[in-house]
1. For the range 65-125, I need the span (max minus min coordinate) of the C-alpha atoms along each principal axis, in Å, sorted largest to smallest.
2. How big, on average over all directions, is the shadow cast by the Cα convex hull of the chain, in nm²?
3. Given all pairs of different Cα atoms, what value in angstroms does the Kirkwood hydrodynamic radius of the range 170-261 take?
4. Once the Cα atoms of the range 80-209 are picked out, what are the Rg and Dmax in Å?
5. Over the chain, with a Gaussian network built from C-alpha contacts below 10 Å, which listed residue (Gly207, Gly154, Gly110) shows the highest mean-square fluctuation?
6. Using Cα atoms only, what is the angle between the long axis of helix 6-29 and the major principal axis of the chain, expressed in degrees (0 to 90) to the nearest 10?
7. Once you list every other residue whose beta carbon is under 11 Å from the beta carbon of Gly146, what net charge do they have if Lys and Arg are +1 and Asp and Glu are -1?
8. Rounded to the nearest 10 degrees, what's the angle between the helix 185-195 long axis and the longest principal axis of the chain, both from Cα atoms, 0 to 90?
Amino acid sequence: MVAPNAAPANTPTIIFVSFFMILVIYLLNIFNPQVFLFFSSYKNQSTMKRIFFIDLDNTIYFTKANEEQLMGELYRFLESMDLGISKEDFQLAKQEMLKTPFLKVAKKYGFKEEVMPDVISYLQNREVTKPLKPSDDYHHIKSLIGRKFIVTAGFPKQQLSKVKMLGIADDFEEVHVVDVSIANKKKTFEKLIDQHHLDKNDILIIGDDAESEIKFGLELGITTFLLDPENLHPNAESTFRGNDLSNLHIAAGQASLRPVE
Ligand SMILES: [Mg+2]
């Protein structure tokens, strides 16, 4: 004999047991890194960056590790001239040239006005002709998925020859060299956004200069990643920062797309 109300009476129990089991499975899985990563990557889809404006000097490669290839000839050329500064100041200026655009250094240390036209024409025509080594972290940039643009300040011939000697030209859609005497990176970023009809929310700016690409990027409302290996800018504003590029994919919302290393 079958009780007529047996099936309807069991329905709430089945629903309750099912719900309870789903809850248990969910609670157990939330501690599973794979599941956690899935939920985080799902969340990141909306903020994933697909356009990258990337600085060159001391971001893609480090000047210190390539000092002789980059600066050897320039140092010898400058030593052959009378810059009107002490030997001690010349040593300090040389160190600063590794990090700061030449014209800024020349102004700071007061290189003689008379020699500047010769120095500038030398720099305008100079090319790096020996291979340069990208930084050990360059693979984090290379493996980002999206459109990549180099935006660098300096003398065009020299900057373009660096890209060539680094062997990375094919990794980038365009290389833009900003002449800092007439423009700055902010204008170049705006021009790129305009020309390519880019959405600022899709862009991540990567660089080591808190006062240039990072500051200008934030002013334009763009997400930034400040690379600061020596902790030179502890108080500088930036959306993301790191003393290396190991967290670049997280900043780009591409953590789940990172290739297995
Ligand atoms: Mg730089």
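Every number here is computed from the coordinates shown, using simple stated rules; none is lab data. All of these numbers come straight from a predicted model, not from anything done at the bench. Every residue, glycine among them, receives a Cβ derived from its backbone with ideal geometry; neighbour counts consider all protein chains shown.
1. Over the range 65-125, Cα extents along the principal axes are 31, 27, 20 Å.
2. Orientation-averaged projected area of the Cα hull: 20.5 nm².
3. 14.3 Å
4. Rg then Dmax for the range 80-209, in Å: 17.1, 50.
5. Largest GNM mean-square fluctuation: Gly110.
6. With rounding to tens, the tilt is 20 degrees.
7. Value of the local net charge: +2.
8. Helix 185-195 sits at roughly 60 degrees to that axis.
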